[in-house]
Every structure is written in C-alpha cells, then in structure tokens.
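The structure under discussion appears below in the form of structure tokens.
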Amino acid sequence: MTKKLGIGLVGASGWMAGALAAGAEYLDGDLEKAVKHPHSVVTALCARNQEILKERKQLWGLDQAELFSDYDEMLASPHVDAVIIAVPNHLHAGFALKALEAGKHVFLEKPLAIHPKESAALLKAAAASPLTTKVDYILVHYDEQQKLHGLIKQGAFGQLASTHFTYRHPIQIGESADQQWKLSKEISGGAIPMGICHAISLTVYQADSDPVDVSCKSAPALCREFDYAPRQDLIITFANGVVSVVQGNIDFAEKYDARHNLCGTEGQFDYVPYNPRESRAMWSSQSMNRDYAPDPDFANDHLDSGDVWEHQCASTVNEFVENAVKGIKDPLLGFESPLVQRTEAIIWAAERSAAAGGDRIQL
Ligand SMILES: NC(=O)c1ccc[n+]([C@@H]2O[C@H](COP(=O)([O-])OP(=O)(O)OC[C@H]3O[C@@H](n4cnc5c(N)ncnc54)[C@H](O)[C@@H]3O)[C@@H](O)[C@H]2O)c1
C-alpha cells in the first residue's frame with residue numbers, strides 16, 4: 001500500500017480545528033461513520049496547551065498523532081508531509097512560509113496574511129514552489145455557488161453586469177477559548193481579513209475577471225468591542241465591466257448569512273437567506289426561457305449555517321489531499337491561482353481606500 005500523506009494540524013480549537021482534522025483523518029470527514037481516509041492521516045497535532053491536545057487526540061480518534069507545542073519541532077518531523085494551519089491570523093503567513101521552506105504542502109485557514117507585504121512574499125514563495133497550497137475560502141466550495149458559476153459561464157444571464165453581496169459574519173468569542181484576539185486589529189488584521197474576505201472571494205469567483213479599481217468605506221461597531229471598524233462596504237470594478245458591491249459586517253447578525261444577487265443583460269439571480277428554503281433562490285434567464293421564479297432545488301446547500309462541521313471543511317481538505325498526493329497545484333484556491341491573487345489584490349486595495357476615507361484605488 002502506498003504511504004498515506006502525513007498531516008500536521010496546527011491549532012486545536014474545538015470546532016474549526018476539529019472539522020479540519022476530521023477532513024484529514026476520515027473519509028468525507030465523517031467521525032460518526034469512522035471510515036479512515038485512504039490517502040491521509042493526522043500524524044501531528046500542535047497547539048500551546050498540551051492538555052487540550054491530549055483531549056482532542058482522543059476525542060477526534062487521531063490514533064497516530066504525535067503532540068507538539070512548538071511549531072518548528074513539528075515541522076522537523078519526518079512524518080509530516082503537509083500542514084493544516086488554523087491558528088490566530090497574525091501567525092498565518094509566517095507559519096505557511098516556514099512550511100514551504102521545510103518542503104511541506106500547505107492548507108491555510110483564511111486570511112492568507114494580515115499585511116500586504118507578507119501576503120506578497122507568501123504568494124511569491126508558493127509560485128516558485130512545486131508544493132500544493134490552498135487557502136480555505138470555504139464558500140467557493142458550496143454547491144450553490146458552483147451551480148451559479150456554471151449558469152454564468154453558460155450565459156444564462158447574458159452579459160454579467162453587477163453583483164451584490166450583503167455578508168454578515170458575526171465574530172463569536174467563545175467562553176473558555178482564548179478568542180479575544182479576534183477583536184484586535186493587530187492580531188486579526190481587521191474586518192476584511194477576519195471575515196469579509198469570504199464575500200470578496202465569492203465576488204471574484206463569480207465576476208471571473210481582473211479587478212481594476214476598488215473603493216471602501218468603514219463604519220464603527222454597533223455591538224461588539226472591536227478595536228477596529230467591523231463594517232466595510234466595498235465597490236469593485238472588474239476588467240470585463242462587472243461592477244460589484246460587497247457589504248461586509250462581522251459585528252452583528254442572527255447568524256452567518258450571505259444575501260446576494262447578480263444581474264445580467266438577459267436575466268438575474270437572487271439568494272435571500274431569510275426566505276423559506278423553497279423560495280430562497282430565485283432567478284430568470286431569457287436564453288433558458290425561464291421567468292423570474294423560485295428554484296427550490298437550488299438552495300439545498302445553503303450558505304448561512306455558521307456551523308463549520310456542517311460546512312464543506314471536509315471536502316476542501318479532501319480535495320487538498322488529493323492534489324498533494326498527485327503532486328499538482330490547486331487550480332481554484334492555490335496561492336498562485338487567479339482567484340486567490342485577485343482576492344488578495346482587492347483586500348489590500350480596500351484597506352488602503354478605507355484608510356483614505358473611501359478613495360478609489362486603481363490596481
Ligand atoms: N474558513 C472558515 O470559514 C473559518 C471559520 C472559523 C475560523 N477560521 C480561521 O481559523 C483560524 C483559527 O480560528 P479559531 O476560531 O479556531 O481560533 P482559536 O483562538 O479558537 O484557536 C486558535 C488555536 O491556535 C493555537 N495557537 C495559538 N498560537 C499558537 C502557536 N504559536 N503555535 C501553535 N498553536 C498556536 C491555540 O492554542 C488554539 O488552539 C483563524 O485563522 C480563523 O480565521 C476560518
């Protein structure tokens with residue numbers, strides 16, 4: 001039997017790291033069925049608290065995992081071929097760079113980085129490396145978004161003209177976990193790297209073109225104690241003429257939700273997460289002879305659960321493993337992919353625009 005890809009998981013939060021560990025250890029990430037993944041196994045777990053690591057190892061059934069509190073020591077292990085990084089954001093780029101230097105494939109939680117310089121260094125290192133990389137812009141994996149992308153590509157809406165996301169990603173601070181870092185700009189990078197990057201990645205996925213200019217206005221917190229502005233409204237123009245609005249808010253919501261719509265010359269699409277399931281997705285298309293009406297099947301894999309165990313964590317990790325085993329780059333979410341490069345360009349232009357009070361930044 002060929003050797004399984006040995007995975008070192010860095011970060012041991014109960015929900016995020018658990019969902020990622022399950023994706024690396026079990027087929028389809030299903031702990032209940034406990035069918036081990038044929039191509040990967042968690043060989044190392046790393047976090048600051050050893051007691052928690054012992055608990056997690058047992059809870060998640062990671063029989064072969066060696067425990068580390070020091071990331072560099074974990075990277076030196078010959079049993080680690082790839083890393084999954086799910087630690088506070090200010091550590092992302094440095095940890096990912098070190099892993100590439102140590103010859104390990106990298107699956108990185110979003111954001112890629114919290115400063116434009118470290119983002120650029122990481123993109124450059126990944127492009128020069130044969131290793132597989134992937135950033136966890138998990139929403140791009142949703143069936144609903146992939147179906148929408150397919151319809152745009154087949155011209156169902158004619159020429160795409162505009163897209164609009166109202167993305168609410170309320171940051172939850174767990175009672176026992178040391179998650180206060182999410183309220184700090186210095187550690188989280190601010191609202192866009194912390195959460196709104198998800199809506200930007202979806203906008204880039206659907207617009208499918210180079211961004212030309214970006215403007216962004218910030219607004220203060222209404223509910224939580226952030227030391228930065230958690231509401232950011234972006235307008236992005238793309239080279240193919242699409243104009244996109246992203247209204248991001250990580251401060252308040254009933255739960256995560258991504259209300260979105262798009263308009264083309266021959267049709268339109270609306271996704272309203274507050275509607276009953278059968279009327280959540282509605283669309284029209286002249287070329288498909290479809291009048292504007294709800295499509296009950298469309299909304300089966302909806303975006304607004306906020307539960308990472310229910311999200312596509314397992315399939316994003318499974319796909320990363322398959323690519324790493326084959327020795328190929330991830331075409332959609334690899335660090336060198338157009339989607340990731342365009343998303344990074346928009347993130348840093350939006351940060352500059354917001355700092356300048358909303359000026360339009362050319363890319
Ligand atoms: N893709 C998504 O949808 C999604 C959802 C939630 C969280 N995330 C990302 O996952 C990451 C983790 O978020 P979380 O909610 O699990 O945070 P958390 O604070 O609950 O957990 C962070 C973990 O990192 C460990 N850690 C901190 N410093 C370390 C170090 N120097 N070396 C080794 N381990 C260290 C901590 O011990 C802890 O286990 C963040 O980057 C967040 O943005 C992504």
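Values quoted throughout were computed directly from the atomic coordinates according to the rules given, and no laboratory measurement underlies them. None of the values given here were measured: they were computed from a predicted structure. Note that each Cβ is placed from the backbone with ideal geometry, even for glycine, and that neighbours are counted across all protein chains shown.
Let me make sure I get this right: for region 210-363, a, b and c are the square roots of the gyration tensor eigenvalues over alpha carbons, sorted descending. Under 1.5 in a/c it's rounded, otherwise prolate if a/b > b/c, else oblate. Which is it?
It comes out rounded by the Cα gyration axes.
With 10 angstrom as the radius, rank Val317, Val41 by how many other C-beta atoms surround their C-beta, starting from the fewest.
Fewest-to-most ranking of Val317, Val41: Val41, Val317.
Which FRET efficiency, nearest 0.05, do Tyr292 and Lys147 yield, Cβ-Cβ r, R0 22 Å?
After rounding to 0.05, the efficiency reads 0.80.
If packing is taken as the average number of other Cβ atoms within 10 Å across a peptide's residues, how do 187-200, 125-138 rank, most packed first?
By packing density, highest mean first, the sequence is 187-200, 125-138.
In square nanometres, what is the average projected area of the Cα convex hull of region 19-177?
Working: hull surface 50.5 nm².
Spelled out: convex hull of the Cα atoms, projected over all directions, averaged, 12.6 nm².
Here is the link list: Lys153/Lys329; Lys54/Lys147; Lys4/Lys117; Lys4/Lys33. Which ones come out longer than 30 Å on Cα distance?
Lys54/Lys147; Lys4/Lys117, as the Cα separations exceed 30 Å there.
Restricting the count to DSSP beta bridges whose residues both fall in the chain, what percent are antiparallel, rounded to a multiple of 5?
DSSP beta bridges in the chain are roughly 60 percent antiparallel.
At 0.36 nm per residue, minus the direct Cα-Cα distance, what do Ser279 and Ala121 gain on full extension? Give it in nm, one decimal, please.
That works out to 52.4 nm of additional length.
Name the residues whose placed amide hydrogens come within less than 5 Å of the amide hydrogen of Tyr26, ignoring near sequence neighbours (fewer than 5 apart) on the same chain.
Residues meeting the criterion, in which the H sits 1.01 Å from N, are His37.
Report the Cα-based extents of the chain along its three principal axes, largest first, to the nearest Å.
Taking the Cα atoms of the chain, the three principal extents are 56, 44, 42 Å.
Using bins 5 angstrom wide from zero, how does P(r) for region 95-243 break down, in % of all Cα pairs?
Taking every Cα pair in region 95-243, the percentages come to 2, 8, 14, 17, 19, 17, 13, 7, 3, 0, 0.
Expressed in whole Å with the largest first, what are the equivalent ellipsoid semi-axes of region 162-244 derived from the C-alpha gyration tensor as the square root of 5 times each eigenvalue? Let's see the in-between values first.
Details: eigenvalues 158, 30, 22 Å².
They are 28, 12, 10 Å, listed largest first.
Send over the semi-axes of region 216-282's equivalent ellipsoid, whole angstrom and largest first, taken as the square roots of 5 times the C-alpha gyration tensor eigenvalues.
The three semi-axes for region 216-282 are 26, 20, 5 Å.
Sorted by mean Cβ packing within 10 Å, highest first, what order do the peptides 12-22, 142-152, 156-166 take? Don't skip to the end; give the middle numbers.
On the way: 12-22: 22.1, 142-152: 17.3, 156-166: 19.3.
With the highest mean Cβ count within 10 Å placed first, the list reads 12-22, 156-166, 142-152.
What helices does the chain hold that run 24 Å or longer along their axis, going by alpha-carbon atoms, with a Kyte-Doolittle average of -0.5 or more, using DSSP H for the helix calls? Before the final figure, lay out the partial values.
Numbers: long enough: 338-355 (26 Å, 0.14).
Membrane-span-like by this criterion, though nothing is claimed about a membrane: 338-355.
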